[in-house]
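Single-structure report; data block below.
The values are calculated or read from the model by the stated rules, or taken from the named source; none is laboratory data. For clarity, every value in this text was computed on a predicted model and none was experimentally measured. All Cβ positions, glycine included, derive from the backbone under ideal geometry; neighbour counts span all protein chains shown.
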Amino acid sequence: MLLSIVLPVYNEQEVLPALFQVLPAVLKKIDCDYELIFIDDGSRDATRSILNAAAEQDNRVKVLGFSRNFGQQAAITAGLDFANGDAVVVMDADLQDPPELLESMVEQFKQGFDVVSTQRIARDGESIFKKVTASAFYSFMQKAVDERLPPQCGDFRLFSRGAVQAIRKFREQHRFMRGLVAWLGLRETIIRFHRPARAAGETKYTPIKLVKLAWTAISSFSAMPLKACLYAGILLTAFGVSYSVYAVYAALFVPSTAPGWSSLVCFQLLFNGASLTAVGLVGDYVGRIYDESKQRPLYVLGDSVNIQASGCAHRVVWINPPDSHADQNSHLFRKPQLHRASGDTRPNSEERQPQERRAA
Ligand code: UDP
Ligand code: MG
């Protein structure tokens, strides 16, 4: 059995030495061959040189280098595109997804599950704000978007080969891998674990990146926000109509009606705000439809180490594909030019049979 481990990395120079100490030692104990596929998501520190050095020493270490930062979800996609394993595990490089769990994940896979998910029962090293917003996000997602999304399950998962092949078919731009997995309805089991703090370095998710991911998760699986706008719009319109009826009544029959400047301003602001928000939401969805219609590649690869181009079955854009190294050096392998005098019909030394050559 071949186990592929997919590790997206972005500026992880501090944690990689610890990862290379722990991960291979754990994998040695599992009875299978393995490959480590690192996706360098446009790192600007020494991440790439550390990975290249590891790949030079051990050809089970493979590196895909993105041309720029495309984000963790795109990096996971690339890893799944190039993984050759019978089972593929996606995990963070910062040791927050404990490699010690791999053994039991593989056991569950051998029992016949297509997906082995991991659920965080506790989270160390995270602020209270992050814990509260994360649990609010998961319960919102489950209730409002898709009840199949198990709470507190991140991207640390094992996929069978069949599951990987199914996921590869999804090429949408705005990706939320956990949502795709839930949507597919694969045979899934869940292992619970206590999530430790980062082994080194800092989180690569800024609050803005987190909000973007949360919005991608919601908008790519639900048009519920648009419906909410519609309902709010209907409610506001109904309220507006009733208020207008009252205003006409007051103007006609209530003599002490003061010119309602403040209420006018309030309503004006409220309604304008609501309609602008609704238009903005629709605009965002239209923008996302526009992005999908362009069908751009999900990531662009710069170069790679220990990767075979034949491994990629999809529309992968590659600036320096592995084959190009052979092309660049092709002059070294070019057949020598055969010069012969005019009229000489004898075969050239390169064209002669081996026996002939030896005799000559
Ligand atoms: N990561 C990535 N691209 C990004 C951000 C993060 O490849 O734009 C990687 C990162 O190097 C790590 C994993 O995704 O291996 C999870 O990121 P992080 O630990 O920062 O997220 P957190 O655990 O804080 O949610
Ligand atoms: Mg982390």
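Okay, here's what the table says:
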read-out	value
Tally, over region 203-217, of residues that are among the aliphatic types (A, V, I, L, M) and either away from ligand 2 (no atom under 16 Å from the Cβ) or at positive phi (or both)	4
Arg68 basic (Lys, Arg), closer than 30 Å to Trp215 by Cβ, away from ligand 2 (no atom under 16 Å from the Cβ) and touching a residue at least 12 places away in the same chain (Cβ under 8 Å)	yes
Residue match in region 67-87 (condition: surrounded by fewer than 23 Cβ atoms within 10 Å (Cβ to Cβ) and under 20 Å from Pro196 (Cβ atoms))	yes
Residue in region 320-335 that is at pLDDT 55 or above and either among the hydrophobic types (A, V, I, L, M, F, W, C) or not in a helix (DSSP H, G or I) (or both) present	yes
Count - residues of region 108-128 that are within 16 Å of ligand 2 (Cβ to nearest atom), more than 23 Å from the chain's Cα centre (by Cα) and not in a loop (DSSP other than H, G, I, E, B)	1
Complete set of residues in region 147-172 that are more than 21 Å from Arg192 (Cβ to Cβ), assigned to a loop (DSSP other than H, G, I, E, B) and in contact (Cβ under 8 Å) with a residue 12 or more places away in the chain	Arg171, Glu172
Qualifying residue in region 129-144 (condition: in contact with a helix residue (DSSP H, G or I) (Cβ under 6 Å, 6 or more places away or on another chain), modelled with pLDDT of 95 or more and more than 13 Å from ligand 1 (Cβ to nearest atom))	no
Residues of region 84-116 satisfying the condition of being among the small types (Gly, Ala, Ser) and away from ligand 1 (no atom under 16 Å from the Cβ)	Gly85, Ala87, Ser104, Gly112
Cross-chain or 6+ apart pairs with Cβ under 6 Å, region 294-316 first and surrounded by 13 or more Cβ atoms within 10 Å (Cβ to Cβ), then part of a strand (DSSP E or B) and at pLDDT below 90	Pro297/Val317; Val300/Val317; Leu301/Trp318
Boolean, Gly283 is of a type outside the set (A, V, I, L, M) and farther than 30 Å from Ile39 by Cα	yes
Count of region 119-128 residues which are in contact (Cβ under 8 Å) with a residue 24 or more places away in the chain and either in contact with a helix residue (DSSP H, G or I) (Cβ under 8 Å, 6 or more places away or on another chain) or farther than 22 Å from Met105 by Cβ (or both)	3
Given (1) buried (at least 18 other Cβ atoms within 10 Å of the Cβ); (2) within 12 Å of ligand 1 (Cβ to nearest atom), number of the condition Arg44 does not satisfy	(1)
From the options Val89, Val106, residue that is touching a helix residue (DSSP H, G or I) at 6+ places or on another chain (Cβ under 9 Å) and hydrophobic (A, V, I, L, M, F, W, C)	Val89
Single residue of region 190-202 satisfying the filter (within 13 Å of ligand 1 (Cβ to nearest atom) and touching a residue at least 12 places away in the same chain (Cβ under 8 Å)) that is nearest to Ile121 (Cα to Cα)	Arg195
Residues that are under 21 Å from Tyr299 (Cβ atoms) and of a type in the set (Lys, Arg), drawn from region 156-172	Arg157, Arg168, Lys169, Arg171
Which listed residue, of Ala232, Ala182, is away from ligand 1 (no atom under 16 Å from the Cβ), touching a residue at least 40 places away in the same chain (Cβ under 8 Å), outside any strand (DSSP E or B) and of a type outside the set (Ser, Thr, Tyr)	Ala232
Meets criteria (touching a strand residue (DSSP E or B) at 6+ places or on another chain (Cβ under 8 Å), farther than 26 Å from Gln295 by Cα and not in a loop (DSSP other than H, G, I, E, B)) for Phe140	no
